[in-house]
Structure formats: C-alpha cells, structure tokens
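*Asks:* Before we start, here is the structure in question, set down as structure tokens.
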Ligand SMILES: [Zn+2]
C-alpha cells in the first residue's frame with residue numbers, strides 16, 4: 001500500500017512536471033477597464049510631463065503588490081520638434097523569479113506627444129490620451145499580474161511595460177519603440193524567455209485582431225498557439241488571417257532572438273487622434289484578449 005502511494009505520487013509529480021494543463025484564473029474585464037480609465041485620468045502620459053511621472057509611480061506601486069520583484073530601467077529619451085529630452089522608464093516585474101522556464105508579456109505605457117493623424121488640423125499639436133494606444137495593453141497586463149499572484153502558473157513570467165514607444169516620426173521606424181530598443185540592448189544574456197507576447201491597441205470596442213505580419217514571419221509557432229487558444233475559447237475576434245506589418249516593440253526583441261509576437265488591432269479609427277479616449281474601448285474587448293493570453297499561459 002505504501003509503495004503504491006509512493007508510485008502514484010511519483011506519477012503525479014511527473015505529470016505535473018511535464019506541463020499538464022491548469023484551469024486559468026478568471027480574467028475580469030471590468031477590473032481591466034477600470035485600470036485603463038485610471039491611466040487616462042492622469043492625462044496623456046507623454047515623457048517629461050507630470051501625468052507620465054504620476055502614472056509611472058502608479059504602475060510601479062500596483063505591480064509591487066503582485067510581483068516578486070519590480071524594477072525600472074531609466075534612460076534619457078530625446079524626441080519631437082523642437083527636440084526635447086526627458087527621463088523614460090521601462091517597468092519590469094518578475095513573477096516566480098527562480099524559475100528558468102519563462103514567458104515575457106509586454107505593452108507600452110507612454111502616449112504619443114502629438115495627435116498628428118487627427119482629422120482636425122487644430123488638434124494635431126495636442127497630445128494623445130492613449131486609451132487604446134497605450135492604456136489598453138497595460139490594463140490587460142495589470143489584471144493578469146493580479147491573477148499571476150493569486151494562482152501562479154507553472155512557468156515564470158516577466159511583465160515589461162515599455163516607455164518611449166510612441167514619440168517617433170513616421171519617416172524613421174527606429175525613432176519609435178525606443179524603450180524596447182533600450183531593453184533589447186541591455187538585456188542580460190541569460191534572459192531567454194520561451195516566447196513573448198506584446199499587446200498593443202487591444203481595447204477597441206469594435207475588436208478585430210488579424211495576425212501581424214512580422215510576427216507571422218519570425219515567430220509563427222507563437223502566433224499559431226495564440227490564435228488556436230482564442231478559437232478554442234470561441235473568441236472569433238482573433239481572425240486567423242494575415243494583417244498589417246507593424247514596426248512595434250516586438251521588433252527589437254525579435255532581432256535579439258526572442259520569439260515575441262504582437263497582438264494588435266490596427267484598424268482603429270481614432271489612432272493618433274485626440275479621440276483615442278476610454279469611451280472607444282470596452283471591458284468586453286479587454287476580457288477577450290486577457291482570457292486568450294491566460295489560456296496560452298495556463299494550458300500550454
Ligand atoms: Zn501609437
């Protein structure tokens with residue numbers, strides 16, 4: 001009897017070790033939407049502004065409540081015309097730091113300094129509030145952070161919130177994704193997550209997420225895994241067809257050898273306009289994205 005029990009315990013341990021599925025915790029879209037609004041309440045989080053500083057403190061404090069370890073990676077960010085300089089900070093939160101098997105989840109938390117796509121020329125020098133372009137990805141990741149603490153998955157997770165994504169000029173790709181470029185340049189060689197998922201523009205009420213072209217080209221197995229998870233959950237807003245190619249925060253990571261995909265709904269009428277406000281986003285959309293990511297994390 002005793003031997004049998006030991007054997008069954010050993011079998012159980014072996015199964016657990018092989019990564020058998022866990023039920024993912026429940027993602028709360030309303031909680032995520034409240035986090036989206038909270039960020040917007042600070043105002044446009046443009047580097048160098050008080051809103052940016054306040055939001056940074058809020059994000060660090062919130063993540064400290066959930067992660068093993070939270071750090072910031074600060075750098076000087078130069079952008080705009082006339083040229084200005086400001087401190088920028090990537091915010092890094094580690095969950096189950098001791099685990100070697102890791103997954104990277106990321107989003108950008110800054111806002112564009114100019115609404116240069118606004119239909120009204122008088123608005124084009126105003127900053128973007130970034131409800132969808134900025135706050136939505138962060139909102140999903142903060143809600144996930146809460147759940148990672150409540151019910152840790154088998155693998156370790158690192159959440160990185162990039163700064164300085166969105167102050168570039170469209171003639172020069174590399175003037176975008178500055179925080180991610182800085183992160184990729186300074187990342188330690190031992191940091192080798194199995195895969196990465198970037199969330200950008202994931203809050204649109206009218207959600208339709210096609211497969212981003214660079215992700216397909218350079219990290220297809222991760223794309224397949226994520227869209228299969230959505231399909232399994234019956235989330236039809238993840239459309240298994242190729243969409244735009246977007247130079248986003250995943251590119252510097254892909255170049256560094258990290259298979260990171262971009263979950264992005266780039267068909268957003270209010271992109272880089274002053275109308276990118278919380279009323280254009282919904283709790284339901286955030287929840288669909290959050291549930292899909294959790295499905296991938298907890299049922300690998
Ligand atoms: Zn943007």
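*Asks:* If R0 is 22 Å, what FRET efficiency do you get for residue 122 and residue 81 from their C-beta distance, rounded to 0.05?
*Replies:* After rounding to 0.05, the efficiency reads 0.80.
*Asks:* Could you put 225, 280, 178 in order, starting from the residue whose Cβ has the fewest other Cβ atoms within 10 Å?
*Replies:* Starting with the residue having the fewest Cβ neighbours, the order is 225, 280, 178.
*Asks:* In the Gaussian network model of the chain, springs joining C-alpha atoms below 10 Å, which of 160, 128, 274 carries the largest mean-square fluctuation?
*Replies:* Of 160, 128, 274, the most mobile in the Gaussian network model is 274.
*Asks:* Report, to the nearest 10°, how far helix 50-64 tilts away from the longest principal axis of the Cα atoms in the chain, using its own Cα long axis and a range of 0 to 90°.
*Replies:* Compared with the principal axis, the helix lies near 0 degrees.
*Asks:* Quick one: Kirkwood hydrodynamic radius for the stretch 95-164, alpha-carbon pairs, angstrom, one decimal?
*Replies:* Every distinct Cα pair counted, the radius reaches 14.0 Å.
*Asks:* Place a point 7 Å from the Cα of residue 256 along the Cα-to-Cβ direction; which residues of the stretch 196-234 have their backbone N under 18 Å from it?
*Replies:* Only 196-200, 215, 218-219 fall inside the zone, counting backbone N under 18 Å.
*Asks:* Build a GNM of the chain with springs between Cα atoms under 10 Å: which of 48, 196, 290 gets the top mean-square fluctuation?
*Replies:* Ranking 48, 196, 290 by mean-square fluctuation puts 48 first.
*Asks:* Same structure again: Ranked from highest to lowest mean number of other Cβ atoms within 10 Å per residue, what is the order of the peptides 141-149, 62-70, 164-172?
*Replies:* Ranked by mean Cβ neighbours within 10 Å, highest first: 141-149, 164-172, 62-70.
*Asks:* Using a 7 Å offset from Cα along Cα-Cβ at residue 206, what residues in the stretch 95-125 end up with backbone N under 16 Å from the label point?
*Replies:* It comes to 119, nothing else.
*Asks:* While we're here: Quick check on the exposure proxy: order 55, 111 from fewest to most C-beta atoms within 10 angstrom.
*Replies:* So the ranking, lowest neighbour count to highest, is 55, 111.
*Asks:* May I ask you to compute the full-extension gain from residue 232 to residue 68, defined as 0.36 nm times their residue separation minus their alpha-carbon distance, rounded to one decimal in nm?
*Replies:* Here the answer is 55.9 nm.
*Asks:* While we're on this one: Round to the nearest 10 and give me the degree value, 0 to 90, for the angle of helix 136-150's Cα axis relative to the longest principal axis of the chain.
*Replies:* Helix 136-150 sits at roughly 30 degrees to that axis.
*Asks:* Fewest first, what order do 52, 272, 250 take by the number of other Cβ atoms within 10 Å?
*Replies:* By the 10 Å Cβ count, ascending: 272, 52, 250.
*Asks:* A follow-up question, please. Helix-only estimate, please: 222 nm mean residue ellipticity of the chain, summing -39500 (n - 2.57) across DSSP H runs of length 4 or more and dividing by its residues, to the nearest 500.
*Replies:* -12000 deg cm²/dmol
*Asks:* Taking the chain as a Gaussian network, Cα atoms linked when under 10 Å apart, which of 285, 97, 89 shows the biggest mean-square fluctuation?
*Replies:* Maximum among the listed residues: 97.
*Asks:* May I ask what percent, to the nearest 5, of DSSP beta bridges between residues of the stretch 26-175 are antiparallel?
*Replies:* Counting only bridges with both partners in the stretch 26-175, antiparallel ones make up about 70 percent.
*Asks:* Helix 29-41 sits at what angle to the longest principal axis of the chain, using alpha carbons and giving 0 to 90 degrees rounded to 10?
*Replies:* Its long axis makes an angle of about 30 degrees.
*Asks:* Could you state the number of Å between the C-alpha centres of the stretch 195-218 and the stretch 112-175?
*Replies:* Cα centroid of the stretch 112-175 versus Cα centroid of the stretch 195-218: 13 Å apart.
*Asks:* Here is a follow-up. Viscosity 0.890 mPa s, temperature 25 °C: what is the translational diffusion coefficient of the chain from Stokes-Einstein with a Kirkwood Rh over Cα pairs, rounded to a whole number of µm²/s?
*Replies:* Rounded to a whole number, D works out at 126 µm²/s.
*Asks:* Give the percent of DSSP beta bridges with both residues in the chain that are antiparallel, rounded to the nearest 5.
*Replies:* Percent antiparallel among DSSP bridges in the chain is about 50.
*Asks:* Is the stretch 155-287 rounded, prolate or oblate when judged by the Cα gyration tensor, a ≥ b ≥ c being the square roots of its eigenvalues, rounded requiring a/c under 1.5 and prolate requiring a/b larger than b/c?
*Replies:* Since a/c reaches 1.5 but b/c is at least a/b, the shape of the stretch 155-287 is classed as oblate.
Readers should treat all values here as calculations from the given coordinates under stated rules, not as data from a laboratory. What you see is a predicted model, and the numbers here were worked out from it, not measured in a lab. Here the Cβ is made from the backbone with ideal geometry for all residues, glycine too, and neighbour counts use every protein chain on show.
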